[in-house]
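J.: Have a look at this one before I ask anything.
The values are calculated or read from the model by the stated rules, or taken from the named source; none is laboratory data. Note that the structure is predicted; figures quoted are calculated from it, not measured. As a convention, Cβ positions derive from the backbone with ideal geometry for all residues, glycine included, and neighbour counts pool all protein chains shown. These accessible areas exclude ligands, DNA and RNA; they are computed on the full protein's heavy atoms, side chains included. Shrake-Rupley method; radii C 1.70, N 1.55, O 1.52, S 1.80 Å.
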Amino acid sequence: MSDNGGLAVGLLSYETLVHAVAGAMGSVTAMTVFFPLDTAKSRLQVDEKRKSKSTPVILAEIAKEEGFLSLYRGWFPVISSLCCSNFVYFYTFNSLKRLTASGPSNSRPGKDLLMGIVSGMVNVILTTPMWVVNTRLKLQGVKFRNEDLHQTHYRGIFDAFSQIIANEGVGTLWNGTLPSLILVLNPAVQFMIYEAMKRKAGRGGRKISSAKIFLIGAIAKAIATTATYPLQTVQAILRVNTAIENIIPVFYFPRIRLKFKVFLMTGNPINRQK
């Protein structure tokens, strides 16, 4: 009975809820401030024929061709998905942290990494449909340089869900789940580095300033993003449901590309008999 009570306290505690809400609001604020940069990133990931230039040049091109407000196209669905996604992640991570806490030296890099991976997997399974929809809404009305990319016509979040289910099947809402599951290493590595650096900075009872926490978080995020960026590109294009061949330009051999395509879409690699 006491074990069940401890589990309930870990899952439903006020502290866990505060961490989840704070994480969700922090991510929403950051994304709102830097949303044009995310728009530029999405275009470069999905539209392979848009040449990679400096960020200001890309932003200027988009604003000139499609209007200034196009830099904020899809803001609401992205923010909604991000808010839900980060709430789920932080809630799960801090619940696991409370449930597994034992003794003075209860936090270790390996343990933080494992909790980050589990939290990321829960997040992916629950929120992937929202990310599929918001990726399509964000790219709706875009003037693609790649003619193979097709335009969509959704009237909003709920209409997008309805059309995708009706025309492509429920399973389409989980397109890109495999690379997303692999990408749980991104926040997992981020939080492992963040927690390790924070413990080191606070060693000996030293108080950590807000500026130092901000810097630690930025360094951890930069390392994790750099390590997993190629998979983020794969993930973005699978959500748009374009041809997988267009996103693996480094794979020049047809057999390798075919096997990689099947593996990404189904999770089952194929072997051809000669």
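J.: Filter region 199-222 for residues that are aliphatic (A, V, I, L, M) and open to solvent by less than 80 Å² (accessible area, probe 1.4 Å) and give the result. Reasoning before the result, please.
T.: Kept after step one, since they are aliphatic (A, V, I, L, M), are these residues of region 199-222: 201, 208, 211, 213, 215-216, 218-220, 222.
Listed by number, the residues that qualify are A201, I208, A211, I213, I216, A218, I219, A220, A222.
J.: Does region 158-175 contain any residue that is at pLDDT below 80 and either charged (D, E, K, R) or open to solvent by 50 Å² or more (accessible area, probe 1.4 Å) (or both)? I'd like the intermediate steps shown before the answer.
T.: Applying the first criterion (at pLDDT below 80) to region 158-175 yields none.
Among the residues of region 158-175, not one is at pLDDT below 80 and either charged (D, E, K, R) or open to solvent by 50 Å² or more (accessible area, probe 1.4 Å) (or both), which makes the answer no.
J.: Check off (1) buried (at least 18 other Cβ atoms within 10 Å of the Cβ); (2) assigned to a loop (DSSP other than H, G, I, E, B) for Q140 and give me the number that stays unchecked.
T.: (1)
J.: Evaluate the following for N186: is it under 22 Å from P109 (Cα atoms), in contact (Cβ under 8 Å) with a residue 24 or more places away in the chain, open to solvent by less than 30 Å² (accessible area, probe 1.4 Å) and of a type in the set (S, T, N, Q)? Reasoning before the result, please.
T.: Details: under 22 Å from P109 (Cα atoms): yes; in contact (Cβ under 8 Å) with a residue 24 or more places away in the chain: yes; open to solvent by less than 30 Å² (accessible area, probe 1.4 Å): yes; of a type in the set (S, T, N, Q): yes.
For N186, the condition - under 22 Å from P109 (Cα atoms), in contact (Cβ under 8 Å) with a residue 24 or more places away in the chain, open to solvent by less than 30 Å² (accessible area, probe 1.4 Å) and of a type in the set (S, T, N, Q) - is met.
J.: I117 fails exactly one of the following numbered conditions: (1) at pLDDT 85 or above; (2) among the β-branched types (V, I, T); (3) open to solvent by 60 Å² or more (accessible area, probe 1.4 Å). What is the number of that condition?
T.: That leaves (3) as the condition not met.
J.: Here's something else I'd like to know. Step by step: first the residues of region 210-236, then only those that are within 18 Å of L44 (Cα to Cα) and without any contact (Cβ under 8 Å) to a residue 12 or more places away in the chain, then the one that is nearest to the chain's Cα centre (by Cα). Which residue is that?
T.: The extreme case among them is Y229.
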